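Here the structure is laid out as structure tokens; the discussion comes afterwards.
Each reported figure results from applying straightforward, stated rules to the coordinates on display, with no laboratory input. Not measured: the values here are computed from a predicted model. Because the Cβ atoms are built from the backbone with ideal geometry, glycine has one as well, and the counts that use them run over all protein chains shown.
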């Protein structure tokens, strides 16, 4: 990992440590319009169609997705690098672990048939670490599901190429501080990430609001193939 990438990855962690409490409130008070309007339902629908018995939620935050899926009798384990978020999740019940993405390949995890990263792959090397560890936490034939900002929509006025971008809490309350940087990936870059780590891409969804031609998010479903 380069020094520049290490600095950016640490800035992401620092931001989430600072913003754990306001983020928890924003999620639980249903203040994030795009999620309430479209993307929460899109990821739940995608996961229920897969019908996993056991699921790993990587970057689970305060645990909303695990709780939603547990209501459908899916055994869920959530992992997150931010201790305050893990404590918030545990307070509402369920199994949650404080775990850095780079450690996924080095801790004993029971392999599951599905893992999900719902808007939780923000960095460069941390994202690559999740994919590199996939054979450790997924059964062969298991699915990795990623929902992220749609590259075409999120690119804005920047060149359409991979690279670090400045973060923003625009649209959130004044309680949010110290926005995290994030690593932009093009659609081909996301597709290559799956292919390079032994996944066959089974599904590509582009949830789009009824009143817009621009997709709100991108959902990719990869199946881990024998290697």
message: Could you list 124, 51, 139 so that the one with the fewest beta carbons within 10 Å of its beta carbon is first and the one with the most is last?
response: 51, 139, 124
query: What is the gain in length, in nm to one decimal, between residue 173 and residue 214 on full extension, counting 0.36 nm per residue of separation less the C-alpha to C-alpha distance?
result: 12.2 nm
task: Output the antiparallel fraction of DSSP beta bridges having both residues in the chain, as a percent to the nearest 5.
output: 45 percent
- request: Name the residue, out of 199, 184, 172, whose mean-square fluctuation peaks in a Gaussian network model built on the chain with Cα pairs under 10 Å.
  value: 172
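Sort 157, 9 so the one with the fewest other Cβ atoms within 10 Å of its own Cβ comes first.
With the fewest neighbours first, 157, 9 line up as 157, 9.
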Most mobile of 107, 18, 116 in a GNM of the chain (Cα contacts under 10 Å): 107
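Rank the residues 219, 32, 74 as a footprinting-exposure proxy: fewest other Cβ atoms within 10 Å of their Cβ go first. Let's see the in-between values first.
Numbers: 219 23, 32 16, 74 19.
Starting with the residue having the fewest Cβ neighbours, the order is 32, 74, 219.
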- prompt: Mind checking which of 201, 149, 109 has the largest fluctuation in a GNM of the chain, springs on alpha carbons under 10 Å?
  reply: 109
Sites residue 161 and residue 25, calculated FRET efficiency, Cβ-Cβ separation with R0 35 Å, nearest 0.05: 0.50
- request: With a Förster radius of 30 Å, plug the Cβ-Cβ distance of residue 34 and residue 139 into 1/(1 + (r/R0)^6) and report the FRET value to the nearest 0.05.
  value: 0.40
field: Sequence-separation-based contact order of the chain, relative, with Cα cut under 8 Å and 6+ spacing, percent
entry: 21 percent
query: Is the range 75-227 rounded, prolate or oblate when judged by the Cα gyration tensor, a ≥ b ≥ c being the square roots of its eigenvalues, rounded requiring a/c under 1.5 and prolate requiring a/b larger than b/c?
result: oblate
